Amino acid sequence: MVIASSVASWYFSRKRANLKCVVVESIVRLFKYHAGSVALGSAVITLVKIPRLVLSFSERVLRKWEESWTWAKYLKKGCGCCLACFEKCIKYVHHNAYTVIAIQGVDFCPASRLALSALVQNALQVAVINSTGDFVLFLAKCITAALTGLIALVIFRSDDSLY
């Protein structure tokens, strides 16, 4: 949220040369105006995680009867999959809601509604941007690994005492 607020302050500022300590101002703004929104978002995520924790606890308790109750195994797996999918969707909307809070300064619930409507209305653009970003990050990881390997190879070949 601090990054989104800092970028929004810079982007929407008319005089960018006069900006000083944008990150510090964003942190102060977060604690002064948006701490409740962050707390509410964290509470919602926690409430979404509780059923998954209960399901995993019940899985450990009921493990000894699993052979006789084959339907219970499939029910647990299906519920776990649905809960995990729901949790990921909620986290994704919350991430975008925090960005809306940082940019527009609205409360958590209206920000979540705005974020969800923006995601639904621009689903294709969001998918393209996310896929492009994931591909760029993948390439960066591959290039980093390759460069690290090449540097290690050069170092090991140049000094005979290393191997």
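The values are calculated or read from the model by the stated rules, or taken from the named source; none is laboratory data. None of these values were measured; they are calculated from a predicted model. Glycine also receives a Cβ, built like all others from the backbone with ideal geometry; neighbour counts cover every protein chain displayed.
Descriptive notes on the structure:
- Being over 16 Å from the mean Cα position of the chain (by Cα) and either in a helix (DSSP H, G or I) or closer than 25 Å to residue 2 by Cα (or both) is a property that residue 84 lacks.
- Filter pass, residue 117 being among the polar types (S, T, N, Q), out of contact with any Lys or Arg (no Cβ under 6 Å at 6 or more places or on another chain), assigned by TED's automatic domain parsing to the domain that holds residue 35 and touching a residue at least 24 places away in the same chain (Cβ under 8 Å): no
- Residues satisfying the stated conditions in the stretch 13-29, i.e. among the hydrophobic types (A, V, I, L, M, F, W, C) and closer than 17 Å to residue 98 by Cβ: 23, 27, 28
- Any pair with Cβ under 6 angstrom, 6 or more apart, that starts in the stretch 35-62 at a residue that is under 16 Å from residue 89 (Cα atoms) and ends at one that is of a type in the set (Phe, Trp, Tyr): 41/108
- Single unsatisfied condition, residue 159 versus (1) on the phi > 0 side of the Ramachandran plot; (2) exposed (fewer than 10 other Cβ atoms within 10 Å of the Cβ): (1)
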